[in-house]
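Asks: Dumping the structure here so I can ask a few things about it.
The values are calculated or read from the model by the stated rules, or taken from the named source; none is laboratory data. In this text the structure is predicted, and so the values were computed from the model without any measurement. Methodologically, a virtual Cβ is constructed for each residue, glycine included, from the backbone with ideal geometry; neighbour enumeration extends over all protein chains shown. Each accessible area value is taken on the protein alone, full model and side chains, heavy atoms only, with ligands, DNA and RNA left out. Shrake-Rupley method; radii C 1.70, N 1.55, O 1.52, S 1.80 Å.
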Amino acid sequence: MIVKNEEETLKKCLSSLNNLVDEIVVVDTGSIDKTKEIALKYTDKVFDFKWCNDFAKARNFSLSKASNEWVLVLDADEVIMNFDIENIFRFINVNNDKCVGRLKRINQYEDKYGTKKYIERVNRLFNKKYFQYEGIIHEQVVLKNKEDYRTENIDLVIDHIGYSKEVLSRTNKIQRNIKLLKEALKENPNDPYLHYQLGKSYFMGKEYREANYFFETAVLLLDNFTYEYAEDLVESYGYTLIELELFKKALSLKKYEKYYFNSPDFIFLIGLIEMNNSNFKKAAETFLKCTEFKEGKIEGITSFLPLYNIGVIFECLGFKEEALNYYRLCGDYPLAKTRLNYL
């Protein structure tokens, strides 16, 4: 891992993996708190790297310090929740070395309704003989020979608290990211990934007009909607259009259904767009499709969230009993309980 001023979270992170790995490599990029002191309690492989505004260079330096070829990359604000060692060994032994393991990351974030969870798969386990990092920010794993590579989900779950409201305010990550991304954009003005990440940064800071500009630009520049980040780009763009009340324009995102018809998260977004365009029957049918899936990225996306919105539709149309029935199906979802109490 690479770290800087992570004394608030590093101990919890290192404690969670201390007995699971052969060695821990920590590369410090200029901490002025107790980060290095904490790291040294868990490993003697703590190295300094002079920060040069390039995350990939720091990541690759950390890889060079690992004794083994197979590496697991974590951040200091990530805590291992589940680690199936047999599954990990099987992945390493069965695969040729040009495959990347994708762990499950649970992101905690806060909105006006409380703490929520967003689940995603990220590329973190690979053989450093064949792979390295590219990108000065939001760096990505790439094969050194630039070829495409396979990925496989692994039974490793981490809890990510890095973008909670408290940590964001403490580290000012959003503004740091925007500054670095804009610098990178000067050299690569037509890179859709950089525009996407700028859009995400502005979206996280609730600056939706700026987010809209960069998301729209990224979508126009993107030539392959099967890229790992593409679905999140389209969905984030959709939620931005909803925040800006550009509901008619958001309907244009339905053309991407051919790529994401198996994603309950995308289907749910389309349901919201239909609902905001007063296409209530279509919206309800779309929300029901979400409940046919086992799980999605957003907590509740296949259960209480679509059911709640169907309840809202029925309530708006004056069908009180039908609305009550759907609200009751939402369990302890606070918004549904509020509507139940009101009705």
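Asks: Express the accessible area of the stretch 27-136 per residue in Å², computed with a 1.4 Å probe while the remaining protein chains stay in the model.
Replies: 51
Asks: In nm, give the distance between the simple-model label positions of Arg209 and Lys254, each being 7 Å from the Cα along the Cα-to-Cβ direction.
Replies: Using points 7 Å along Cα→Cβ, the separation is 3.0 nm.
Asks: Over 22 Å between Cα atoms, which of Lys12/Lys34; Lys34/Lys128; Lys281/Lys320; Lys98/Lys146; Lys116/Lys254; Lys34/Lys116 qualify?
Replies: Values: Lys12/Lys34 14 Å; Lys34/Lys128 29 Å; Lys281/Lys320 16 Å; Lys98/Lys146 12 Å; Lys116/Lys254 26 Å; Lys34/Lys116 30 Å.
Flagged as over cut-off: Lys34/Lys128; Lys116/Lys254; Lys34/Lys116.
Asks: May I ask for the Rg/Rh ratio of the stretch 1-126, computed from Cα atoms with Rh as the Kirkwood radius, given to two decimals?
Replies: 0.97
Asks: Okay, moving on. What do you get for the angle between helix 280-290 and the principal long axis of the chain? Use alpha-carbon atoms, 0 to 90 degrees, nearest ten.
Replies: For 280-290 against the chain, the angle is about 40 degrees.
Asks: Using DSSP to define loop residues, name the GluC sites (Glu not before Pro) in the stretch 275-306 whose beta-carbon has at most 14 other beta-carbon atoms within 10 Å. Don't skip to the answer; put the middle values down first.
Replies: On the way: sites: Glu285, Glu292, Glu295, Glu299; in loops: Glu292, Glu295, Glu299.
Hits after loop and neighbour filter: Glu292, Glu295.
Asks: Between Phe266, Gly300, Gly318, whose Cα lies farthest towards the positive end of the dipole of the chain when Lys and Arg beta carbons carry +1 and Asp and Glu beta carbons carry -1, centred on the Cα centre?
Replies: Gly318
Asks: Here's something else I'd like to know. Where is the GNM fluctuation largest for the chain (alpha-carbon springs, 10 angstrom cutoff): Asp75, Asp54, Asp84?
Replies: Maximum fluctuation in the GNM of the chain, among the listed residues, is at Asp84.
Asks: Can you list the aspartates and glutamates whose alpha carbon is less than 16 Å from that of Lys144, not counting same-chain residues fewer than 8 positions off?
Replies: Glu69, Asp97, Glu134
Asks: Further question: Calculated FRET efficiency, Lys41 and Leu317, Cβ-Cβ r, R0 56 Å, to nearest 0.05?
Replies: About 0.40, to the nearest 0.05.
Asks: Let me ask another. Could you tell me the extents of the chain's C-alpha atoms along the three principal axes, largest first, rounded to whole Å?
Replies: 67, 42, 42
Asks: Which of Lys4/Lys200; Lys249/Lys294; Lys258/Lys289 have a Cα-Cα distance over 25 Å? Each step should come with its number before you reach the end.
Replies: Details: Lys4/Lys200 22 Å; Lys249/Lys294 30 Å; Lys258/Lys289 15 Å.
Where the Cα-Cα span goes over 25 Å, the pairs concerned are Lys249/Lys294.
Asks: Next question. Note down the nm distance, to one decimal, between modelled labels 7 Å out along Cα→Cβ at Lys289 and at Thr338.
Replies: Those two pseudo-labels are separated by 2.9 nm.
Asks: Shifting gears a bit: To the nearest 10 degrees, how steep is helix 173-187 against the longest Cα principal axis of the chain, on a 0 to 90 scale?
Replies: Once rounded, the angle reads 80 degrees.
Asks: Between Ser278 and Asn53, what is the FRET efficiency for a Förster distance of 56 Å, r being their Cβ-Cβ separation, to the nearest 0.05?
Replies: 0.75
Asks: Positive end of the charge dipole of the chain (Lys, Arg +1 and Asp, Glu -1 on Cβ, about the Cα centre): tell me which of Ala56, Asn224, His195 has its Cα farthest that way.
Replies: Highest projection toward the positive end goes to His195.
Asks: Leaving out ligands, DNA and RNA, what percent of the accessible area of the chain is carbon and sulfur, probe 1.4 Å? The partial results should precede the final answer.
Replies: Working: 8800 of 17950 Å².
That fraction is 49 percent.
Asks: Just going by the charge dipole of the stretch 35-142, with Lys and Arg at +1 and Asp and Glu at -1 on Cβ, which of Phe83, Ala39, Tyr109 is farthest out on the positive end?
Replies: Value computed over the given set: Phe83.
Asks: Of all alpha-carbon pairs in the stretch 191-304, indicate the percentage at a distance above 17 angstrom.
Replies: Counting pairs separated by more than 17 Å, the tail of P(r) holds 54 percent.
Asks: If you average 1/r across every pair of different Cα atoms in the stretch 263-343 and take the reciprocal, what Kirkwood value do you get, in Å?
Replies: Roughly 12.3 Å, rounded to one decimal.
Asks: Another one. Suppose every K and R has +1 on its Cβ and every D and E has -1 on its Cβ; what is the size of the dipole of the stretch 223-343 about the Cα centre, in Debye to the nearest 20?
Replies: Result for the stretch 223-343 is approximately 440 debye, rounded to the nearest 20.
Asks: Roughly how many nanometres apart are two label points built 7 Å out from the Cα toward the Cβ at Glu120 and Tyr149?
Replies: 1.9
Asks: Placing unit charges on C-beta atoms (Lys and Arg positive, Asp and Glu negative, everything else neutral), compute the dipole magnitude of the stretch 1-46 about its Cα centre in debye, rounded to 20. It would help to have the intermediate numbers written out before the result.
Replies: On the way: 7 positive and 9 negative charges, 14 e Å.
It works out to roughly 60 debye.
Asks: Can you give me the accessible area per residue for the stretch 257-343, using a 1.4 Å probe, in Å²?
Replies: Working: 4620 Å² over 87 residues.
Per residue, the stretch 257-343 has an accessible area of 53 Å².
Asks: A further question follows. Explain nothing, just the number: dipole magnitude of the chain about its Cα centre with +1 on each Lys and Arg Cβ and -1 on each Asp and Glu Cβ, in debye rounded to the nearest 20.
Replies: It comes to approximately 320 debye.
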